[in-house]
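What follows is a set of notes on a single structure, which appears directly below.
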Amino acid sequence: NLLDVNGIDHLVIVPFTMEFAGQTADEYIKNFLVNTFKPHTIIIGHDHRFGKNRSGNYELLEAKAKENNYTVKEIPGYMLQDITISSTKIRQALQQCNIAVANDFLGYNYFFSGLVIEGNKLGRTIGYPTANLQIEDDNKLIPGNGVYAVTIGNKEWAINKKKGMMNIGVRPTVDGTKRVIEVNIFDFDKDIYGDTLTIMIKKHLRSEVKFNGLEELK
């Protein structure tokens with residue numbers, strides 16, 4: 001778990017309601033940051049904006065620091081290969097199947113978790129059984145359609161992760177219409193329905209292709 005590895009003790013996820021979004025920058029600092037958390041130090045990204053109309057920034061936090069008894073620090077922009085890393089660039093890279101760029105920017109292999117559910121078991125008929133995944137977090141960004149090299153983990157395989165390949169897409173060879181996520185775990189054929197798997201994406205191999213029947217697909 002990335003939070004455990006980095007020693008983060010508490011994480012607060014705040015629903016972005018209309019009321020929350022409507023706070024002025026001053027109200028955000030006073031009512032949310034100071035009254036709720038009573039912070040000793042606030043660390044802010046160099047381009048972070050907050051409050052209604054994105055009017056709040058590092059300078060405002062610094063101006064309010066003395067009266068609210070906190071210090072504020074700014075994280076500078078981090079450059080990699082002359083490109084400023086940002087969450088927007090990472091999301092775009094994932095959506096465009098550019099896993100190498102996304103992983104490079106993140107500093108780790110992008111991953112997501114899903115529950116193994118029953119599929120049509122078509123892969124089993126051609127010797128490549130797949131685990132169909134139902135993503136547990138509706139907000140998790142899933143990469144663009146295609147075939148990927150992955151490693152797979154669960155509670156049992158936390159140390160010795162399995163290798164495999166993953167397909168994200170509509171399975172055009174069998175005239176599929178619904179987007180699915182399927183994982184073939186190499187040298188593995190056990191019943192894992194109901195298990196939660198964590199998929200770590202290593203590389204994008206190719207786009208999804210429509211083959212002329214199952215034999216060519218195999």
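I want to confirm something. Restricting to region 130-179 and keeping residues that are among the acidic types (D, E) and over 15 Å from the mean Cα position of the chain (by Cα), which single residue is modelled with the highest pLDDT?
Ranking the qualifying residues of region 130-179, first place goes to E156.
Please state which of the following conditions E208 fails to meet, knowing it meets all the rest: (1) within 12 Å of M166 (Cα to Cα); (2) in a strand (DSSP E or B).
For E208, the failing item is (2).
Within region 28-46, restricting attention to residues that are outside any loop (DSSP other than H, G, I, E, B) and in contact with a strand residue (DSSP E or B) (Cβ under 8 Å, 6 or more places away or on another chain), which residue is most open to solvent (accessible area, probe 1.4 Å)?
Residues of region 28-46 outside any loop (DSSP other than H, G, I, E, B): 28-37, 41-45.
Within this subset, residues satisfying the condition of being in contact with a strand residue (DSSP E or B) (Cβ under 8 Å, 6 or more places away or on another chain) are 28-29, 33, 41-45.
Numbers: Y28: 40, I29: 4, L33: 27, T41: 51, I42: 22, I43: 112, I44: 8, G45: 29 Å².
Once the filter is applied, the top-ranked residue is I43.
Please go through (1) of a type outside the set (S, T, Y); (2) touching a Lys or Arg at 6+ places or on another chain (Cβ under 6 Å); (3) open to solvent by 60 Å² or more (accessible area, probe 1.4 Å) for D138 and return the number of the only condition it doesn't satisfy.
(2)
Return the total of residues in region 30-54 being among the hydrophobic types (A, V, I, L, M, F, W, C) and farther than 26 Å from T84 by Cβ.
Keep residues of region 30-54 that are among the hydrophobic types (A, V, I, L, M, F, W, C), which gives 32-34, 37, 42-44, 50.
Subsequent filtering for residues that are farther than 26 Å from T84 by Cβ retains 32, 34, 37.
Looking only at that region, the number is 3.
This table checks each residue for (1) within 30 Å of V101 (Cα to Cα); (2) touching a Pro at 6+ places or on another chain (Cβ under 7 Å); (3) surrounded by 12 or more Cβ atoms within 10 Å (Cβ to Cβ).
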| site | (1), (2), (3) |
| --- | --- |
| D4 | yes, no, no |
| D26 | no, no, yes |
| H48 | yes, no, yes |
| G51 | no, no, yes |
| N57 | yes, no, yes |
| L61 | no, no, yes |
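Run down I181, I159 and say which single residue is open to solvent by less than 50 Å² (accessible area, probe 1.4 Å) and under 30 Å from L106 (Cα atoms).
I181
Name the one entry in I75, I99, I90 that is touching a His at 6+ places or on another chain (Cβ under 9 Å), open to solvent by less than 70 Å² (accessible area, probe 1.4 Å) and among the aliphatic types (A, V, I, L, M). Break it down into steps so the answer makes sense when it comes.
Numbers: I75 fails: open to solvent by less than 70 Å² (accessible area, probe 1.4 Å); I90 fails: touching a His at 6+ places or on another chain (Cβ under 9 Å).
It is I99.
The values are calculated or read from the model by the stated rules, or taken from the named source; none is laboratory data. Keep in mind that this is a model prediction, so the values were computed, not measured. Note that we place each Cβ from the backbone using ideal geometry, even for glycine, and neighbour counts take in every protein chain shown. These accessible areas exclude ligands, DNA and RNA; they are computed on the full protein's heavy atoms, side chains included. Shrake-Rupley method; radii C 1.70, N 1.55, O 1.52, S 1.80 Å.
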